[in-house]
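> Take this structure first; my questions come after.
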Amino acid sequence: MERTLAILKPDCTSRKLSGKVIDKIENAGFKIIAMRLVKLTDETAGKFYAVHRERPFYGELVEFMTSANVIPIALEKDNAVADFRKLIGATNPAEAEAGTIRKEFAESIQNNTVHGSDSVENAKIEIGFFFSGRELV
Ligand code: GDP
């Protein structure tokens with residue numbers, strides 16, 4: 001079994017779409033192994049997206065991620081990382097395949113509803129960012 005980290009982003013929680021998105025995640029065969037409701041700060045959002053520090057949209061991204069509550073969810077499934085990236089679709093919803101979460105719900109390339117880890121190594125780091133070992137069932 002592999003693990004990945006999802007985050008339901010502010011555009012998802014503020015539009016009250018969390019239940020619908022979680023339904024899609026569970027229907028796709030993912031098991032929720034930990035979940036929290038969190039309000040990120042400039043510091044925690046900046047740290048989470050530190051790899052994007054040099055990108056022109058970094059400031060806007062931190063502002064967006066701190067604009068409402070987010071819901072980090074640790075997920076488990078065979079091939080979880082790749083399968084979850086497939087389920088969420090391309091970063092830009094205009095390029096996301098039909099049936100993906102971002103195609104159905106995302107508002108823009110930034111307000112794209114859900115985060116998914118991009119590698120098994122990053123999934124471990126990102127799960128550790130939000131959850132301690134004893135919180136993972
Ligand atoms: P992801 O792995 O599909 O989430 O995409 P990236 O790692 O490339 O980018 C991280 C997040 O930054 C995305 O999910 C978006 O929320 C945001 N983002 C990516 N590209 C852009 C952009 O060109 N402009 C803005 N404003 N935000 C972006």
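The values are calculated or read from the model by the stated rules, or taken from the named source; none is laboratory data. In this text the structure is predicted, and so the values were computed from the model without any measurement. Please note: Cβ atoms are built from the backbone with ideal geometry, for glycine as well, and neighbour counts cover all protein chains shown.
> Residues in segment 111-134: is at least one over 17 Å from Thr4 (Cβ atoms), surrounded by 14 or more Cβ atoms within 10 Å (Cβ to Cβ) and either more than 13 Å from the ligand (Cβ to nearest atom) or modelled with pLDDT of 95 or more (or both)? It would help to see each step written out before you state the result.
We begin by selecting, within segment 111-134, every residue over 17 Å from Thr4 (Cβ atoms); these are 111, 132, 134.
From the residues that got through so far, the ones that are surrounded by 14 or more Cβ atoms within 10 Å (Cβ to Cβ) too are 111.
Then keep just the ones that are either more than 13 Å from the ligand (Cβ to nearest atom) or modelled with pLDDT of 95 or more (or both); that gives 111.
The answer is yes; a qualifying residue exists.
> Okay, next question. Can we say Glu26 is under 15 Å from Val114 (Cβ atoms) and in a helix (DSSP H, G or I)?
yes
> For segment 101-110, which residues satisfy the criterion of being under 18 Å from Ile73 (Cα atoms) and either surrounded by fewer than 20 Cβ atoms within 10 Å (Cβ to Cβ) or charged (D, E, K, R) (or both)?
Arg102
> Same structure again: Scan segment 8-18 and tell me whether some residue there is closer than 18 Å to Asn122 by Cα, among the aliphatic types (A, V, I, L, M), modelled with pLDDT of 95 or more and surrounded by 20 or more Cβ atoms within 10 Å (Cβ to Cβ).
Among the residues of segment 8-18, at least one is closer than 18 Å to Asn122 by Cα, among the aliphatic types (A, V, I, L, M), modelled with pLDDT of 95 or more and surrounded by 20 or more Cβ atoms within 10 Å (Cβ to Cβ), which makes the answer yes.
> Let me ask something additional. Of everything in segment 11-65, what is more than 23 Å from Thr100 (Cβ to Cβ) and among the small types (Gly, Ala, Ser)? Give them in sequence order.
Ala34, Ala45, Gly46, Ala50, Gly59
> May I ask you to verify whether Arg102 is at pLDDT 95 or above, part of a helix (DSSP H, G or I) and in contact with a Pro (Cβ under 6 Å, 6 or more places away or on another chain)?
yes
> I'd like the full set of residues that are within 19 Å of Gln110 (Cβ to Cβ) and surrounded by 15 or more Cβ atoms within 10 Å (Cβ to Cβ), limited to segment 19-59.
Val21, Leu40, Thr44, Ala45, Gly46, Phe48, Tyr49, Tyr58 - these are the residues of segment 19-59 that are within 19 Å of Gln110 (Cβ to Cβ) and surrounded by 15 or more Cβ atoms within 10 Å (Cβ to Cβ).
> Any residue in segment 81-98 that is farther than 20 Å from Glu26 by Cα and touching a residue at least 12 places away in the same chain (Cβ under 8 Å) sitting within a Cβ distance under 7 Å of a residue that is among the basic types (Lys, Arg) and surrounded by fewer than 21 Cβ atoms within 10 Å (Cβ to Cβ)? List the pairs, counting only those 6 or more apart or interchain.
That search, which allows pairs on different chains as well, returns Pro93/Lys103.
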